[in-house]
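**Student:** Structure provided below as C-alpha cells; questions to follow.
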Amino acid sequence: EQQTLVIMSGVPDCGYCRQARAYFAEQRIHYVEYNINKSTKRLREFRRLGGGRGTPLIRIDGKTIQGFNRQAIEAALKQ
C-alpha cells in the first residue's frame with residue numbers, strides 16, 4: 001500500500017497546528033512537519049502555496065488545505 005504524502009507547514013505554538021498534530025496522531029497518519037520560523041525556504045513555499053495566511057498549511061498528495069479542517073483532510077486522504 002502506497003503511503004500518502006502529508007506535509008504540514010506550521011509553527012510550534014499555533015493552536016490549530018496542535019489540533020492537526022493531535023488529529024494525525026489519533027488517526028495514525030504519518031506526516032512531515034516543517035517549522036516555517038526555522039526555514040526561509042519553507043516560509044517562501046508556505047507564502048507561495050497558502051498566500052501567507054494562517055497556519056497550519058497542510059498538503060496531501062499535492063492538494064493544499066488552509067488551516068485545520070478535519071473534513072477537508074479526510075476528503076483528501078480518501079482520494
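The values are calculated or read from the model by the stated rules, or taken from the named source; none is laboratory data. What you see is a predicted model, and the numbers here were worked out from it, not measured in a lab. Don't worry about glycine lacking a Cβ; one is built from the backbone with ideal geometry, like all the others, and counts go over all protein chains shown. SASA here: full protein model, heavy atoms, side chains in, ligands and nucleic acids out. Shrake-Rupley method; radii C 1.70, N 1.55, O 1.52, S 1.80 Å.
**Student:** How large is ³J(HN,Hα) for each residue in the stretch 25-40, as worked out from phi by the Karplus curve 6.51 cos²θ - 1.76 cosθ + 1.60 (θ = phi - 60°), to whole Hz, x for Gly and Pro?
**Tutor:** Karplus-based 3J(HN,Hα) across the stretch 25-40 equals 5, 5, 8, 6, 9, 6, 8, 10, 10, 10, 8, 6, 6, 9, 9, 4 Hz.
**Student:** Please give the FRET efficiency for Q66 paired with R28, using the beta carbon to beta carbon distance and R0 = 22 Å, rounded to the nearest 0.05.
**Tutor:** Plugging the Cβ-Cβ distance into 1/(1 + (r/R0)^6) gives 0.40.
**Student:** Order Y16, Y23, most accessible first, counting only protein heavy atoms with a 1.4 angstrom probe.
**Tutor:** Accessible-area ranking of Y16, Y23, largest first: Y16, Y23.
**Student:** Express the accessible area of the chain per residue in Å², computed with a 1.4 Å probe while the remaining protein chains stay in the model.
**Tutor:** In whole numbers, the chain has 66 Å² accessible per residue.
**Student:** Follow-up. Reachable lysines from K63, Cα under 17 Å, same-chain residues fewer than 8 places away excluded?
**Tutor:** K78
**Student:** Further question: Of all the Cα-Cα pairs you can form in the stretch 39-79, what percent are over 14 Å apart?
**Tutor:** Counting every Cα pair in the stretch 39-79, those more than 14 Å apart make up 44 percent.
**Student:** Pairs of alpha-carbon atoms within less than 8 angstrom and 6+ residues apart define the contacts here; what relative contact order does the chain have, in percent?
**Tutor:** Answer for the chain is 35 percent.
**Student:** How much length is gained if the chain between T4 and K41 is pulled fully straight, taking 0.36 nm per residue apart and subtracting their Cα-Cα distance, in nm to one decimal?
**Tutor:** So the chain would gain 11.0 nm between T4 and K41.
**Student:** Ok, one more. Output the peptides 24-30, 56-62 sorted from most to least packed, where packing is the average of other Cβ atoms within 10 Å over each peptide's residues.
**Tutor:** Most protected by this proxy first, the peptides run 56-62, 24-30.
**Student:** For the chain, which whole percent of the accessible surface, found with a 1.4 angstrom probe, sits on carbon and sulfur atoms?
**Tutor:** It is 46 percent, rounded to a whole number.
**Student:** A further question on this structure: Which one is right for this structure if log10 I(q)/I(0) by the Debye sum over Cα atoms at q = 0.17, 0.20 Å⁻¹ is calculated from it: (i) -0.59, -0.82; (ii) -0.86, -0.98; (iii) -0.70, -0.90?
**Tutor:** The value computed from this structure is option (i).
**Student:** Right, something else. Please report the accessible area of K63 (heavy atoms, 1.4 Å probe, ligands and nucleic acids excluded) in Å², nearest 10.
**Tutor:** Accessible surface of K63 is approximately 80 Å².
**Student:** Report the local net charge at N35: Lys and Arg +1, Asp and Glu -1, summed over other residues whose C-beta lies under 11 Å from its C-beta.
**Tutor:** 0
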